[in-house]
1. Could you tell me whether segment 6-16 includes any residue that is open to solvent by less than 10 Å² (accessible area, probe 1.4 Å), modelled with pLDDT of 95 or more and assigned to a strand (DSSP E or B)?
2. Looking only at segment 142-162, count how many residues are open to solvent by 40 Å² or more (accessible area, probe 1.4 Å) and assigned to a helix (DSSP H, G or I).
3. Report, by residue number, each residue of segment 247-273 that is surrounded by fewer than 20 Cβ atoms within 10 Å (Cβ to Cβ) and either modelled with pLDDT under 80 or closer than 15 Å to Thr184 by Cα (or both).
4. Within segment 21-49, can you find the residues that are of a type outside the set (Lys, Arg), more than 17 Å from the chain's Cα centre (by Cα) and open to solvent by 40 Å² or more (accessible area, probe 1.4 Å)?
5. Report, by residue number, each residue of segment 120-141 that is crowded, with 19+ Cβ neighbours inside 10 Å, out of contact with any strand residue (DSSP E or B) (no Cβ under 8 Å at 6 or more places or on another chain) and over 16 Å from Pro91 (Cα atoms).
6. If only one of Phe69, Phe54, Phe73, Phe87 is surrounded by 21 or more Cβ atoms within 10 Å (Cβ to Cβ) and in contact (Cβ under 8 Å) with a residue 60 or more places away in the chain, which one is it?
Amino acid sequence: METITLGQNGPSVTPLCIGTWAWGDKLFWNYGDRYGPEQLQEAFTAALEAGVTFFDTAEIYGMGKSEKFLGQFLQQTQQPVQIATKFGPVPWRFTAQSVSDALTESLKRLQLDRIALYQVHWPFAFFLSQETLMNALADEVKRGRIATVGVSNYSAEQMRDAHQILAARGVPLAVNQVRYSLLTRQVESKGIIATARELGVTILAYSPLAQGLLTGKYSIDSTEIPTGARKIDPRFKKEGLQKIAPVISLLRNFAEKYDRTPAQVALNWLIAQGNVIPIAGVKTAEQVRQNVGALGWKLSDDEIGELEQVSRPWL
């Protein structure tokens, strides 16, 4: 399988990342209802069997449960796996030591001495300045506990600032993790994608299927009823579904042509942007296998252009 380097000189990872927000999370994902540890173990194993060895988690996912599950599953394989997790700059964390302590706790849950990528979960750091935060992360690169530094949900300007502080320490900013899909392209119009290219920062695209809207499962005629967080999302209401119908229709056309699913086409479009790794959230082995079907083939330039055109209302 082809690999992508994180940032300018970070670890090589697979072109698809497995997202683990749902691993242990009851609030948004109803963990324990229809899926539990057994299904998550099977999902982890299915990813490795398919050659996808890059996983994204965060200390806040399932209040640490997601990291713990990954830690347990990692003990059962000899295969090299790349883990990315995230630090939450909450108000009571305002020193460099608090960053180091949070990393220590994440590493304990993951049962690791070092991780491929440590990301700042959001840009507002309350009482912790970006200088203190980025220098603390640079210290951890020097200590060898993290291979690369990333940010999440940073604007173009915030990304530039973080990049500059880290560069002064000889540490490149490797990643900006942002919401990006055919139905959320604001990262393009806000200059985030262009700035990332300029700075040599890799984009990790979360919610690449727009919470399942791009699977084609939800439509005006569908009997599928949204659950969890989707219940309150206006995009899943009749008006929202009518608006996205042209995008879904085109995805279905290409899916038929390549003997794929609309979701696999939507993920393939993101990968085709270059320097973009979709994070596909999973709960089961079947979802892993579905997402992996986005790899090993390519849309034509014309097809990529057609999808770009039909999704322009979401720029």
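1. Yes, segment 6-16 contains at least one residue that is open to solvent by less than 10 Å² (accessible area, probe 1.4 Å), modelled with pLDDT of 95 or more and assigned to a strand (DSSP E or B).
2. Matching residues across segment 142-162 total 6.
3. Across segment 247-273, the qualifying residue is only Gln273.
4. Leu27, Asn30, Gly32, Asp33, Pro37, Glu38, Gln39, Gln41, Glu42, Thr45, Glu49
5. Ala136
6. Details: Phe69 fails: in contact (Cβ under 8 Å) with a residue 60 or more places away in the chain; Phe73 fails: in contact (Cβ under 8 Å) with a residue 60 or more places away in the chain; Phe87 fails: in contact (Cβ under 8 Å) with a residue 60 or more places away in the chain.
So the residue among Phe69, Phe54, Phe73, Phe87 that is surrounded by 21 or more Cβ atoms within 10 Å (Cβ to Cβ) and in contact (Cβ under 8 Å) with a residue 60 or more places away in the chain is Phe54.
The values are calculated or read from the model by the stated rules, or taken from the named source; none is laboratory data. Because the structure is a prediction, the values reported are computed rather than measured. A quick note on method: Cβ atoms are made from the backbone with ideal geometry, for glycine too, and the neighbour counts reach across all protein chains shown. For the accessible areas, the whole protein counts, side chains as well, though only heavy atoms, and no ligand, DNA or RNA atoms are used. Shrake-Rupley method; radii C 1.70, N 1.55, O 1.52, S 1.80 Å.
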